[in-house]
Every structure is written in C-alpha cells, then in structure tokens.
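Let me begin by presenting the structure, written as structure tokens, before commenting on it.
The values are calculated or read from the model by the stated rules, or taken from the named source; none is laboratory data. Just so it is clear, the structure is predicted and the values come from calculations on it, not from any experiment. Note that each Cβ is placed from the backbone with ideal geometry, even for glycine, and that neighbours are counted across all protein chains shown.
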Amino acid sequence: MNKIKKFFNKDNTVGYVFAFPFIFGFLCFSLIPMFTSFIYSFTDVSLMNMNSDIPFVGLDKYAKLISDNIFRKSLGITLKYVFISVPLKLAFALLVAFLLTRKSKMVTLYRSLYYVPSLVGGSIAVALVWKQIFARRGLINTVLADLSLHTVNWFGDQKLALYPLILMSVWQFGSSMIIFAAGLKEIPQSYYEAAMIDGANGFQRFFKITLPCLSPIVLYNLIMQTISAFMAFTQAFVITAGGPNNGTMMYALYVYNQAFKYNDMGYACAMSWVMLIVMSIITLVIFKTSKMWVFSEADS
Amino acid sequence: MKARKIIGKVIYHLFVLAFGFCMIYPVLWMISGSFKDNAQILTGGLSLVPKEVIKTNYATGWRGFSGITFATFFKNSGILTSIATFGTLVSSALVSYSLSRVHFKGRGLWFSCMIATMMLPGQVIMIPSFLIWHKLGLVGTYVPLVLPYFCGQAFFIYQMMQFMKGIPRELDEAAKIDGCSKYGIFGRIIFPLLKPSLITTVIIQFYWKWDDYMGPLLYLNKPQQYPVSIAIKLFADATSTTDYGAMFAMSSLSLIPVFLIFLFFNRYLVQGIGTSGLKG
C-alpha cells in the first residue's frame, strides 16, 4: 500500500499524471493526423476509397500544385493579407494599449470598448454585417453617394475585395491590445521617472523605454497573429466565398474547397503541407531577425 | 498650467471615446438594424435610430428554418460551448501545473511539443482528423467537437504557465513541509491562486467556441444539431431575398451570451494575462 502511495508521489509519476491529457491529445489529435496528412499527400485518398485500397500517386499532387493557377493566386493573396493585416493590427493594438495606460477610472471601460470587436469579430453575425456594410448598396456606398463621391463595388472587383477582409482583421486588434496592456503594466514606473529627469519627451520615452521593454511581447504577438492570419477562413467563406474571380481565395478556404467541395483530399493534404512549410519559414525568419530588435534584460 | 492640463484631459477622453465609438459602430448598427425593415437597412445609411421601429424581426427570426426554431440552435451552442470550455479549463490547468512545477523526465520534450502545437496551423491536421473521425463513425456527433478540448489547449496551457511563474514557489515548499502531496499542492494552492488566469481562459475559450464555424461545418450534418453560428449563415442563405432585419435580430441575440460572459469577468481580463515569462 505504502509502495503504491510512494510511486504515485514520485515526481515522474506526478508529472505524467498531470500531463496525461496533453500527451494523449498531442498523439491523437496532432501527431497522428499530421503524419497521416503527410502520407495522404502522396495518395488519391477520398471519402469513397478510404476504407479500401488508397491509390498511391507519388508526387503527382505536388506536381499538380505547380501548374495550378488558383493555388498560386491563393498563396499570393494570403501572403498579401498576412503582410498587410498583421503589422497594421499590431501597430493599432500597441498604440491603443499605450493610450490606455493612463491612470483613470475610465480606462477599464475604454479597454472593454476596444475589446468588443475582438469579442464578436469571429462570429458569423459580424461577418454578415460586414458583408452588408461593404455591399454594393451597403453602408459605405450609401455614405459615399451622400457625399456625392463615386461608389465602389467592393466585392465585385477582384483587386479590391481583399481590403474589406483586411480591415476586418485589423479591426479585431483587441486581443493583442490586452496582451500589450498586460506587458505595459509591468514596465517599472521608475524607468519613466528617470527618463523624465533626464529631460526625455513623450516620443523619446515611447521609443527608448516602452518599445524595447515590450519587444518580447511584440514578438509573441507577431508570431501568434501571423499564424492565425495564415489560417483565416471564416470571413472569406462567409463574406465573399473566395470570389470574385478567386480574388479572396484565402489559402485555408482553397484547402477546404479542394477537400470537401471537389473531394480531392490528397491534393488538399499536399497543399496544407506546403502551407506548413511556408509558415515555418516565415516564423523562422521572424525568430532569427528578432535577435536584432528584441531587447532582453540579460544584455544591457 | 492647470487649465492646459484639464483641456488636455478632456481632449484625451473625447478622442478615446470617439475612436472607441467608431470601433463598436458596426455592432451598434447591427443591433439597430434588428429593429429596421429591409428598406430602412438598405437605404438608411449611417443612422443608428430606426425611423420606424419594427418589433416583429425577433419573432420572425426566432422561427428559424425547416421547422426548427432558434431555441434549438441556442441550446446546441450552449451545450457545445460549455462542455468545451469546461474541458479546456480543467485539462489546461492540470497540464500547465505539470509543465511548470513538476520536475519529471521528458518535461522539456513535452513543453516543446506544446509550443509546436500552438504554432501548428489547424488546416494541416483538418483533413486527416476528419477522415479519422469518419472512420470511427463519429462524424455527425458532438464528439469531435468537444473531446479534443479535454486534452488541454496549448494557448491556454502557455498562458497559465506564464501566470504560474508569478505564484511564489515558497508556497509550494511550505505546503510540502506541512505534509501536502503534489496533488494537494495543486488542488489547494495552485488551482485557487490561478483564478484570474482561469477566468481569462473561460472568457476567451467561451467566445472562440461560441463563434466557431469551421468545426460544426465539417462535423455536423443534421439541422437539429446545428449551433447558432451555422444557423445564422443558413438563415441568411435560406430565402432568396434575405430578411436582413430578422437576420440582424438573430445575430444580435447570438452575441448576448458572449457579452454577458465578458461583462461578468471583464475586470479579470488584463490581470489574468501573465507576460513576466515572455521577458528575455
């Protein structure tokens, strides 16, 4: 009896008992699917043949990618979406978080106000509102017409259709803002006081103290937001369905369409592996370059 | 000098409020739209006040489609969201404790795996996961939509680990001296002290799951099972001329649970996010 008790109190046992949910989930819901996905990307798997013999097609699916114009277009659009929306979103989040560092009772209220878009932004409800706001006879065009300006057919022009989606993503800067706010709270007040004695103005304080102290959090937000931007799906699915002329065919949406609309799951797996590689490269580049701009307290 | 300070203050508050108003304007417009008819929505422009208040939108919308009312959809969303949120909360707390407080063999490896999952794009595993669930005959049930949440969510595990770094280790030591096992330390000390972080988890996971669209889209196929997110989209598509008023009415209703949770837990939100560990 005592032995059992002792066994259960050993650090190794305790660790694995508590970590069990994750280990189980990691194997079943991440590692095995990932491995299967890789194998499937060399096959012609579909819902119909998955229980019998799955035809092996070698590198066919990857070869198909090279000649697929929509794939290339969708990769380009997704990169454009990521490169425009993420920096804008973070800049906004940081600016607002900084604005709201004042000591005032109202700040909590303001912070909630700015958090609302993040809170509701992922919902279908808001996506449908967005669709209506930018519709041909929607809110924006009504206002443009009232000001006797040219109305714009936002979702009718493949060059423009991506911008309402980018705007929608930037609008949801709240969650990054909250993380910045938590970071700002931890910058010692004495740094600012010392700078003020040395005669530093607001801008100098922001760029010489706030930004360097916050740089690890900027890095964290940058990576998390980049990843989630790459996976953007719902907005494009609901608002534009990828159109017009695939002008908003986000990568995730194209993967979904290939798998569930055209039932070419092997191709979709190959596409998602390409996406994983592209994302890994970008994340790696961010990490490598971060050494140049992320300030750590260890080196002074 | 004093006058300048006051003016500065007024400008600051006015600016922050005005900008904040712009931010929530689309949401307000939607709510006001739920009291307008189609004609008013399509031509009313920026106005938030309906010229003529239409009260029937909510009743029309509530009736839903193909004989299923929104009561069913709300119930479904409620079930899915509360189970998944509960699962995330408990499992993530357990896992974060082991990764940040227990020295066991392989901890470093599992920590790296956790970080890797956080950065793994969902699309990579979407198709094989779907095929595996299909093979198990569980597509069309709630299992694929809730079970994974009982295995800890990397994002929240990470957040909780950051927060745990702020809980002094002396407390663990003291409890150990008093004869508390590692399980007891978790149950009596760490878990209660983790409260702000747990609340943040509830808020964020609740609205993520409530708004989740892709999961139900993949795994559910009977209208009786649909959550609100899918139902609203179908409702908007169902009729050839969309009844915008009714659609906005149901959209507004769908946001109420999220707002309630948020209002209730709001003051914990910034508190619960630990960043200390992010520092170099």
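Details
- Subset of region B:32-69 [among the basic types (K, R) and in contact (Cβ under 8 Å) with a residue 40 or more places away in the chain]: B:K36
- Looking at B:V102, B:V124, just one residue is modelled with pLDDT under 90 and either in contact with a Lys or Arg (Cβ under 7 Å, 6 or more places away or on another chain) or outside the structural domain of B:K209 (by TED's automatic domain parsing) (or both), and that residue is B:V102.
- Filter result for A:A229 (touching a Lys or Arg at 6+ places or on another chain (Cβ under 9 Å) and either more than 14 Å from every other protein chain (Cβ to nearest Cβ) or of a type in the set (G, A, S) (or both)): yes
Listed here are the residues, each with its yes/no results for (1) crowded, with 21+ Cβ neighbours inside 10 Å; (2) facing chain A (nearest Cβ under 9 Å); (3) in contact with a Pro (Cβ under 6 Å, 6 or more places away or on another chain); (4) hydrophobic (A, V, I, L, M, F, W, C).
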| residue | (1), (2), (3), (4) |
| --- | --- |
| B:S82 | no, no, no, no |
| B:L99 | yes, yes, no, yes |
| B:L109 | no, no, no, yes |
| B:A116 | no, yes, no, yes |
| B:G122 | no, yes, no, no |
| B:I127 | yes, yes, no, yes |
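- Count - residues of region A:129-151 that are more than 28 Å from the chain's Cα centre (by Cα) and part of a loop (DSSP other than H, G, I, E, B): 7
- Of the helices (runs of 4 or more DSSP H) entirely within region B:136-205, those holding at least 2 residues that are among the small types (G, A, S) occupy B:169-177.
- Residues satisfying the criterion are absent from region A:176-187 (criterion: in contact (Cβ under 8 Å) with a residue 40 or more places away in the chain, buried (at least 22 other Cβ atoms within 10 Å of the Cβ) and in a loop (DSSP other than H, G, I, E, B)).
- Only listed residue being more than 8 Å from chain B (Cβ to nearest Cβ) and either surrounded by fewer than 17 Cβ atoms within 10 Å (Cβ to Cβ) or of a type outside the set (F, W, Y) (or both), chosen from A:L99, A:L167: A:L167
- Candidates B:L253, B:L220, filtered to the one that is surrounded by fewer than 23 Cβ atoms within 10 Å (Cβ to Cβ), aliphatic (A, V, I, L, M) and under 23 Å from A:F233 (Cβ atoms): B:L220
- Residue within region B:84-97 that is touching a residue at least 12 places away in the same chain (Cβ under 8 Å) and surrounded by fewer than 18 Cβ atoms within 10 Å (Cβ to Cβ) present: yes
- Test: A:I84 is under 28 Å from the mean Cα position of the chain (by Cα), under 27 Å from B:S129 (Cα atoms) and of a type in the set (V, I, T): no
- Test result for A:S280, out of contact with any strand residue (DSSP E or B) (no Cβ under 9 Å at 6 or more places or on another chain), without any contact (Cβ under 8 Å) to a residue 12 or more places away in the chain and either on the phi > 0 side of the Ramachandran plot or not in a loop (DSSP other than H, G, I, E, B) (or both): yes
- Residue check, B:Q205 closer than 18 Å to B:V95 by Cβ, touching a residue at least 40 places away in the same chain (Cβ under 8 Å) and of a type in the set (S, T, N, Q): yes
- Pairs with Cβ under 6 Å, 6+ apart, first in region A:107-122 and farther than 13 Å from A:M168 by Cα, second in a helix (DSSP H, G or I) and among the polar types (S, T, N, Q): A:S112/B:N266
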